[in-house]
Amino acid sequence: MYNLAQNINVLSFRVHTGNISICYRKRETFCNNINYFVKFSKANSVIIRKDTIYHFKDKVFMINNGRFIYKDTNIELPTKTIVTTAERLALSLGLPLNHMEINMFKINPTNFRDILHRLTTLALKDLQIISNNFNQSKQLKYGEIVFETYLKSIAGKGTISSNNTSIRWLNEEDTLQLKAKLFTTSNYQVTIKSMTYEPTEFAQKIFETVFTLIKSIDFEHNELKLMELDFVVPIDILIRIKLRDIMLLLSNCAGYNCGFIIRPVLQDKQYSRVYSVFTSLSSKTRKLLGFLNYDIGSALQTICLKLVENVSLYPLHKQLVDNKYAFRERVMRETNKDMAWVKKELSKVDNIDNMPKRYVKFPTLEAYYYEAKILRKEIINNAEPLLLSRAQEYAKPKYKKVWNEHLNEYDFELNGKKESSIFFFIWTQWERQIRESMMSCFDMPESCHQVHDAIYSKQVVEIQTIESKVLNDTGFEIKISVD
């Protein structure tokens, strides 16, 4: 079997036939231009011009009945005319093709992250962003770095530290200067806040191409025992999911069996919330995957009002707990914003350090912010010692600006912990207790996915059953909604 390294679509693998230097690539060895008898088409095919004698620089060779003839050398030429995506991927992984039929080659995606790196390289080549002028290792490095940076940019808030390995490589080794083409950046503060990255349309095009390549491959089925949090995503569901969520899911792929086996890895280090790839998925994607959302209504406000001595001091928080829909409608009318904006704003206002200037135009939001400042001070002052010490351990640092006369610029000096962050890590420890009580209502609690103030499961459980269990276990009277 000959490896046909098509020069715009396949990584630079060169296999010569016989004992002389014949390479099936343009601009390579033997007669300076092997393209005199091999033509590469845009459709990845190789066309052999047969039964013709060619003269080039006083050398005579011919192609006759599929054989290359030069002096005493007589070599059978490869009959394969198409290099499939799966075979291109196999070549990049250094795997033998072994005379496999076109479109029948299957790849075991046990190490799917590496496969995604290689497919990103192929996409970069197909879009003519990188070429065969780069050696193989640099081509593959570009695929790895571009994929990993993209993945960081779409997970969570998209913040990436300047010390991140991929960012450092782009800053120091990116001879094509792709970083500015692939990402827009914002919100950077020295020592305080990492830069936020957002993929450009150019980056989206690359990963649309990656997904197109994935869809053209048949994957080998794994005999893989599913773990508690594993779930399978068939291709007919995957194609209905938005691109960022597709890449997030596939970056956690552990195998294939009638669909991609997604294995979330939990990050549980803060005594409060846990995070995984499931946390970063959109609510629409979670629903497409067949999960039900058991959501704690107005979780922050419900928890905090249970912890304060006098609820009447916080009338706006009480209104939100009693009827969140009416309260949101009120804010919508005042701000002239849609429901999505209002929900997002109300979810963060209790946890911000400084009031946004725009709030002065919105009476309800302004009053709510000042009420929230008083509320969180009371929560912190009355917090149980263990919860408070944990919160202080994980709270974000606070800095103060100090003028440096020698450097003629401001320095940022550590000045304790942010009050808003301490508050967050207190109430979310109570939130965790509620989530764990909710999970105990399901047949397999360990298979429930935790997402902030909600849990996701494919099992149907009565809302009243969950609410009663939480009240009995924790003393919190919560309202659950299911979507």
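Read-outs throughout are calculated quantities, based only on the coordinates presented, and are distinct from any laboratory measurement. Owing to the predicted nature of the structure, the values given are computational and were not obtained by experimental measurement. Please note: Cβ atoms are built from the backbone with ideal geometry, for glycine as well, and neighbour counts cover all protein chains shown.
With a simple spin-label model that places each label point 7 Å from the Cα along the Cα-to-Cβ direction, the separation between Glu172 and Asp236 comes to 5.0 nm. Stretching the chain fully between Glu413 and Asn163 yields a gain of 88.0 nm (0.36 nm per residue, less the alpha carbon separation).
FRET efficiency for the Glu436 to Asn257 pair, using the beta carbon distance and R₀ = 45 Å, is estimated at 0.90.
A crude spin-label estimate for the pair Asn65 and Glu405, with each label 7 Å from Cα along the Cβ direction, gives 9.6 nm. Counted by neighbouring Cβ atoms within 10 Å, the residues Ser137, Ser437, Ser161 run from fewest to most as Ser137, Ser161, Ser437. At full extension, Glu384 and Lys357 could sit 6.3 nm farther apart than now, given 0.36 nm per residue minus the alpha carbon distance.
Between Glu329 and Trp341, the modelled label-to-label distance comes to 2.0 nm, taking each label 7 Å out from Cα in the direction of the beta carbon.
Could you work out the relative contact order of the stretch 117-254, using alpha carbon pairs under 8 angstrom and six or more residues apart, expressed as a whole percent? So the answer I get is 23 percent. The ranking of Cys304, Cys253 by Cβ neighbour count inside 10 Å, starting from the fewest, reads Cys253, Cys304. Ordered by the count of other Cβ atoms within 10 Å of each Cβ, fewest first, Trp341, Trp427, Trp403, Trp169 give Trp403, Trp341, Trp169, Trp427. Using only side-chain charges placed at the Cβ, +1 for Lys and Arg and -1 for Asp and Glu, the dipole size of the stretch 106-263 relative to its Cα centre rounds to 320 debye. Phi angles of the stretch 111-119 translate, via the Karplus equation with coefficients 6.51, -1.76, 1.60 and θ = phi - 60°, into HN-Hα couplings of 9, 6, 4, 5, 4, 5, 4, 5, 5 Hz per residue; Gly and Pro are given as x. Taking every C-alpha pair closer than 8 Å and separated by at least 6 residues, the mean separation divided by the residue count of the stretch 357-427 gives a relative contact order of 32 percent. Short-range pairs are left out: with C-alpha atoms under 8 Å and at least six residues apart, the relative contact order of the stretch 264-386 is 18 percent.
Length available on full extension from Val311 to Val460: 0.36 nm per residue minus the Cα-Cα distance, which gives 50.2 nm.
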